[in-house]
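J.: Got a structure here, written out as structure tokens. Questions coming.
Bear in mind that the values in this text are calculations on the coordinates, not laboratory data. Predicted model, so just to flag it, every value in this text is computed and none were measured. Here the Cβ positions follow ideal geometry from the backbone for every residue, glycine too, while neighbour counts run over all protein chains shown.
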Amino acid sequence: MDTAGIVEFDGYVIHGSENSTDRDVLYYLLDPKPFPSFQQCSEFCRTVKIAADDNEKSKSVNSSFRNGGDDDPHGRKAVENSSCVEENRNICLIKDGYIVQIYKGNEDETNNALLRTYPLHLKEQRFENPVKHSMERVCILKIVRSCRALLTWFTKHKQHRLTIKNSLRSCDFNEYLKTLKNVVDISDPEFFKLISNKDSIKSLAFQLGQTIALIRGIEIYTKNEISEMFPDLADMLMRREFTEKTFDILNKHKNELLSHLTCVKSFKIANSSWNIFFCDTNEPSFNDELLLCQQLNGIVIDMKVGVEFCIYFPFCSRSLLMNAGSSCSMFAFSHSLFTNEHSNSEQIYCWMCKDYMNNNFENHFDEFLTTHSLAKEDLLETIRKEIVKNKQYDLVFDISSGVRVIGQRQKLSHKIAID
């Protein structure tokens, strides 16, 4: 029997907007069960149809379940009928009441969205909500994924196809922003004809509204919430008829998103798809009341397309960094490299800002080593020992006067519990 799409899940929950025309279903596994392979997730999450009647047990078409047959162990039976809606599936792993791994999307976003929208579908729920706690949202991760989605929508543009694809392949946030600013114009007919359908317009409006709101520190997870905050997006979110003005509105919000990002300073880490992010306090768009500006103190994001992930989330405030007692602030983060199933090695990455207090965030590490006649491997070994000794810490400062660490690592690293 082909087991590619078989997933042994512990339950499923319905989430998303209360007035959605499709149905978002999150299937979950409980730790310590292993997370399914990418192929298994891909097969399992293919679009299926379910019965639209909320009063009956959910029914599905083309499903793959643990017993390998047409019947699901939770009573969902395969049927063919005309009154079906699409089921958008996703799979996650739950540990200690948090989503710690997910197939599609961000763990922090889905975790909090489930807490917010699970009650909107109580009549349809057959399982208790497995998510018990909120996480701190990683704002720049949402932005990276939204910018990537924006670019991806327009990769079929004949004139700019190569430029857009090269930008995506670069895994460089600066390239993303440059292309979105200088190339992508949603109000241009050559661009908007590529998204001239109600589903694409709805998705684009949802992404833009949700992302701009999060920059302000506001979490919104439904079409109604976005429509209330951005009334000019309401018709798009409800899949109503569109005009050329629709695309002018979308382009306006794209430009608003970009205007918030002029204070973001990012650097691609050599020989990787990782980017490290800071916030320039001298930029007019800087506002320390914005969640985005509060968080950008050396966050590291893996920008590999489709698998964007927060590698490192320092928990230190800007004021703590400014008072660290050194003109050079250093960020050290580790990464486990698995060479085979029996061995692994821990690799330490370091980024030393040339002058953090004056918004000079360029990496000064190699120059620092030369100036102080330090051997790189010796210093990295010192840092490695300090990290091993203080496993609960992430941030390394002021190595010119001896290594000391501040900034406590939270239980789930960047997935920080807030309740």
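J.: What is the sum of charges around K198, taking Lys and Arg as +1, Asp and Glu as -1, for the other residues whose C-beta is under 9 Å from the C-beta of K198?
T.: Taking every Cβ under 9 Å from that of K198, the sum is +1.
J.: ³J(HN,Hα) across the range 273-283 via Karplus (A = 6.51, B = -1.76, C = 1.60, θ = phi - 60°), whole Hz, x for Gly/Pro?
T.: 9, 8, 10, 10, 10, 10, 10, 7, 6, 7, 6
J.: Next question, about the same structure. Say each of D232 and F127 gets a label point 7 Å from the Cα, pointing the same way as Cα to Cβ; how far apart are those two points in nm?
T.: For the pair D232/F127, the computed spacing is 4.2 nm.
J.: Report the charge-dipole magnitude of the range 139-262 in Debye, nearest 20, computed about the Cα centre from +1 at each Lys and Arg Cβ and -1 at each Asp and Glu Cβ.
T.: Roughly 480 debye, rounded to the nearest 20.
J.: Above 20 Å lies some portion of the pair distances; for the range 139-262, what is it as a whole percent of all C-alpha pairs?
T.: The answer is 39 percent, as a whole percent.
J.: I've got another one for you. Are any of the pairs K123/K193; K132/K165; K156/K354; K123/K304; K142/K245; K142/K181 more than 30 Å apart by Cα-Cα distance, and if so, which?
T.: Over 30 Å Cα-Cα: K123/K193; K132/K165; K156/K354; K123/K304.
J.: How far apart, in nm, are two points set 7 Å out from the Cα along the Cα-to-Cβ line at K245 and at L374?
T.: Here the answer is 6.1 nm between the modelled labels.
J.: Grab the Cα-Cα distance for T281 and E8, subtract it from 0.36 nm times how many residues apart they are, and report the gain in nm with one decimal.
T.: That pair, T281 and E8, stretches by 93.4 nm at full extension.
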